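J.: Okay, here's the structure, questions in a sec.
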Amino acid sequence: MPPSPTPTYDAIILGAGAAGLFCAAQAGQHGLRVLLIDHFDRVAEKVRISGGGRANFTNRDLDPAAPQKHFLSANPPFCRSALARFQPADFTALLERHGVAFHEKHKGQLFCDRSAGDLIALLLAECDAAPAAGGRVDRWQPCAVRGVRFEAESPSGAGSTSAGSYFVDSDRGAVTAPALVVATGGLSIPKIGASDLGLRLARQFGQKIIDTRPGLVPLTFDGAAWAPYAQLAGLALPVQISTGDKKNRTVFAEDLLFTHRGLSGPAVLQISSYWRPGTPIRTNLLPGVDVAAALLAAKASSRRLIAKELAQWLPNRLAEAWAGLDEAWQRPINEASDKALLRLAERLTQWELVPTGTEGYAKAEVTVGGVDTRGLSSQTMAAKSQPGLYFIGEVMDVTGWLGGYNFQWAWASAHACALAL
Ligand code: FDA
């Protein structure tokens, strides 16, 4: 019997996460036959666990004209075009069409009212709508990818618009298409399917990689140095946090959370994406309070313990722990020297710590770095040096802030790519 022919699609998309599903749906609705391949046994698992189970799916404050405000990349202007062509309002319009209720939490962050499952159902329904437009979206999942090769078009193919074919060898057999979209996401949380396939394929096809590291991740500290603060685990408060030198300082005003091993909470997750090993982070535990002036004024009028004075502005447990850090602070405020009070003010407002590391990819929400966008078209997400190869979503060197920016990048890059397929 002759071997059965290799199934052929218009595009193969590797990764059925946020970007892959959205790209498949859009391309299918443009009349293309698309195959999604994903090795994990559940579809879009990262979407399911995102935003505490409610998916913070976009952010109203996103400014496509100034992407560097909310995105990190070695090539900051790259994401401008895609973000401008598919905006948060375009995605909320889609939710409204599907009757998925959502709400704003704070700082422009939009969440599903019910559950992230509604968003996954929407993405799958959008894929199912392809046949009505003459297209088709098939999904092989779970299905491992064994390898990918590219065959340049033979001269007899002259006149065709494609310049070659991708052959994907998978657990379910071989499949071919003139376009390959890599949507395999970042490296965080390998236990729910993250892998480095996208980075390996990028290298295989001559793309450069910007060094990767965990982002939006809790920071950890040396056990002995952290001992005085470990008792504060579970305590949260609003702070101002910064990293970098004077010329290049990044500052966030958000909540900080003490943990047994270090610091977490939105403030720390945000700053972690900018933090570089060996450098300090600086925290103002009392933003908006002139602590030095307030302590000196209290010294003139109060006989209470310093910890009690601090408790006007700080949670009790933190005030007690902080006063306990120095003998000179364990007394009534009127008995403390001005020098000791000024030192205390400085320690509260410019608390400087050098993290020993992060909780790593096991706990990170995103990967900073990835496929270098300088090798890609900002209009289509296509590799400039390799015909028919596209990268979308988190596998690229575009990393959003906490707050829905990473999903908006997944939607926008997928949308730009689908228009070009
Ligand atoms: P995504 O990770 O969604 O999909 C990649 C797909 O590729 C996966 O299905 C994976 O199984 C598949 N894949 C990987 N390797 C493969 C291989 N070798 N073979 C085949 N398939 C492979 N963002 C945000 O904007 N708002 C939020 O609320 C949150 N919350 C959040 C919480 C947590 C706990 C995490 C870990 C992350 C977030 N994020 C987030 C980030 C957000 O989930 C992420 O940026 C997007 O899902 C990225 O979309 P992608 O489609 O690029 O990757």
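The values are calculated or read from the model by the stated rules, or taken from the named source; none is laboratory data. What you are looking at is a predicted structure, and each value in this text was computed from that prediction instead of being measured. Heads up, the Cβs are rebuilt from the backbone with ideal geometry, glycines too, and the neighbour counts pull from every protein chain shown. What goes into the accessible areas is simple: the full protein's heavy atoms, side chains included, and nothing from ligands, DNA or RNA. Shrake-Rupley method; radii C 1.70, N 1.55, O 1.52, S 1.80 Å.
J.: Sorted by mean Cβ packing within 10 Å, highest first, what order do the peptides 62-70, 44-52, 178-186 take?
T.: Ranked from most to least packed, the peptides come out as 178-186, 44-52, 62-70.
J.: Ranked highest first by the average count of other Cβ atoms within 10 Å around their residues, in what order do 134-141, 393-400 fall?
T.: Highest mean packing first, the order is 393-400, 134-141.
J.: Now for a separate question. Regarding the chain, what whole-number volume in Å³ per residue does the convex hull of its Cα atoms give?
T.: Looking at the chain, the number lands at 152 Å³ per residue.
J.: Shifting gears a bit: Could you quote the convex hull projected area for region 188-244, Cα atoms only and averaged over all directions, in nm²?
T.: Approximately 7.1 nm², given one-decimal rounding.
J.: Something else now. From the backbone phi of region 84-89, what are the Karplus-calculated ³J(HN,Hα) couplings (6.51 cos²θ - 1.76 cosθ + 1.60, θ = phi - 60°) in whole Hz, Gly and Pro given as x?
T.: 6, 7, 9, 9, x, 5
J.: If I model a spin label as a point 7 Å beyond the Cα along the Cα-Cβ vector, how far apart are those points for Glu104 and Arg200 in nm?
T.: Output for this residue pair reads 4.4 nm.
J.: Quote the relative contact order of the chain in percent (integer), defining contacts as alpha-carbon pairs under 8 Å separated by 6+ residues.
T.: Relative contact order comes out at 23 percent.
J.: If the convex hull of the alpha-carbon atoms of region 289-359 is projected onto planes in all directions, what is the mean projected area in square nanometres?
T.: One quarter of the hull surface, i.e. the mean projection, equals 5.3 nm².
J.: Got the relative contact order for region 31-170 handy, in percent, Cα pairs under 8 Å and 6 or more residues apart?
T.: Relative contact order here is 35 percent.
J.: Right, something else. Given the Cα-Cα distance of Ser115 and Asp245 and 0.36 nm per residue of separation, how much length would full extension add, in nm?
T.: 42.7 nm
J.: Which aspartates and glutamates, on any chain, are close to Lys246 with Cα under 20 Å apart, when same-chain ones fewer than 8 places away are left out?
T.: The reachable aspartates and glutamates, counting only those whose Cα sits under 20 Å from Lys246, are Glu346, Glu352.
J.: Using a Förster radius of 35 Å, what is the FRET efficiency between Glu335 and Thr279 based on their Cβ-Cβ separation? Nearest 0.05, please. Walk me through the intermediate numbers first.
T.: Working: r = 38 Å, r/R0 = 1.08.
That gives a FRET efficiency of 0.40.
J.: Under a 10 Å cutoff between Cα atoms, tell me which one of Thr373, Thr243, Thr279 has the largest fluctuation in the Gaussian network model of the chain.
T.: Of Thr373, Thr243, Thr279, the Gaussian network model singles out Thr279 as fluctuating most.
J.: Which value, in Å² and to the nearest 10, is the accessible area of Cys23 when all protein chains are kept and the probe is 1.4 Å?
T.: Taking all protein chains as shown, Cys23 has close to 0 Å².
J.: Tell me the per residue accessible area of the chain using a 1.4 Å probe; a whole number in Å² is fine.
T.: Per residue, the chain has 43 Å² of solvent-accessible surface.
J.: For region 271-418, give the percent of accessible area contributed by carbon and sulfur heavy atoms, probe 1.4 Å, rounded to a whole number.
T.: 49
J.: Leaving ligands and nucleic acids out of the surface, order Leu72, Leu296, Leu35 by accessible area at 1.4 Å, largest first.
T.: Largest accessible area first, the list is Leu296, Leu72, Leu35.
J.: Anything over 19 Å Cα to Cα? Flag those among Lys299/Lys339; Lys46/Lys363; Lys69/Lys107; Lys69/Lys208; Lys46/Lys191; Lys69/Lys247, in the order listed.
T.: Lys69/Lys208
J.: With θ set to phi - 60° and the Karplus curve 6.51 cos²θ - 1.76 cosθ + 1.60, what are the ³J(HN,Hα) couplings of region 297-311 in order, to the nearest whole Hz, using x for Gly and Pro?
T.: Rounded to whole hertz, the list is 5, 5, 4, 6, 10, 9, 10, 6, 4, 4, 4, 5, 4, 4, 5.
J.: Ok, one more. For Leu376, which sequence-distant residues (separation of 5 or more, or a different chain) have an amide H within less than 5 Å of its own amide H, given hydrogens modelled in the peptide plane?
T.: Lys384
J.: Any idea of His98's accessible area? Nearest 10 Å², probe 1.4 Å.
T.: Rounded to the nearest 10, that gives 70 Å².
J.: I would also like to ask the following. From the phi angles alone, apply the Karplus equation (6.51, -1.76, 1.60; θ = phi - 60°) to region 208-215 and give each ³J(HN,Hα) in whole Hz, x where the residue is Gly or Pro.
T.: 8, 10, 7, 3, 9, 7, x, x
J.: How much length is gained if the chain between His260 and Asp290 is pulled fully straight, taking 0.36 nm per residue apart and subtracting their Cα-Cα distance, in nm to one decimal?
T.: 7.8 nm
J.: Right, something else. In nm, what is the difference between 0.36 nm times the number of residues separating Asn316 and Gln68 and their Cα-Cα distance? Let's see the in-between values first.
T.: Details: separation 248, 0.36 × 248 = 89.28 nm, distance 3.84 nm.
Going from the current span to full extension adds 85.4 nm.
J.: Modelled label-to-label distance, Ala174 and Thr92, 7 Å Cα→beta-carbon offset: nm?
T.: About 4.9 nm separates the two model spin labels.
J.: Would you list Ser188, Ser337 from the most to the least accessible area, probe 1.4 Å? Intermediate values should be presented prior to the final figure.
T.: Working: Ser188 0, Ser337 60 Å².
Order by accessible area, largest first: Ser337, Ser188.
J.: Calculated FRET efficiency, Ala227 and Ala420, Cβ-Cβ r, R0 56 Å, to nearest 0.05?
T.: 0.50
J.: While we're looking at this one, here's another question. Of Met381, Met1, which has the most accessible area with a 1.4 Å probe, and how do the rest follow in descending order? Provide the component values of the computation, followed by the final result.
T.: Numbers: Met381 0, Met1 220 Å².
Ranked list, largest accessible area first: Met1, Met381.
J.: While we're looking at this one, here's another question. In whole percent, how big is the carbon plus sulfur part of the accessible area of region 74-223, probe 1.4 Å, protein atoms only?
T.: With neighbouring chains kept in place, the figure for region 74-223 is 51 percent.
J.: A follow-up question, please. Rounded if a/c is under 1.5, else prolate if a/b is larger than b/c, else oblate: which is region 1-111, with a ≥ b ≥ c the root eigenvalues of its Cα gyration tensor?
T.: prolate
J.: Just from its helices, what would the mean residue ellipticity at 222 nm be for the chain, if runs of 4 or more DSSP H residues each count -39500 (n - 2.57) and the sum is divided by every residue, rounded to the nearest 500 deg cm²/dmol?
T.: Calculated from helices alone, the mean residue ellipticity at 222 nm is -8500 deg cm²/dmol.
J.: Where Rh denotes the Kirkwood radius from the mean inverse Cα pair distance, what is Rg over Rh for region 271-421?
T.: 1.27
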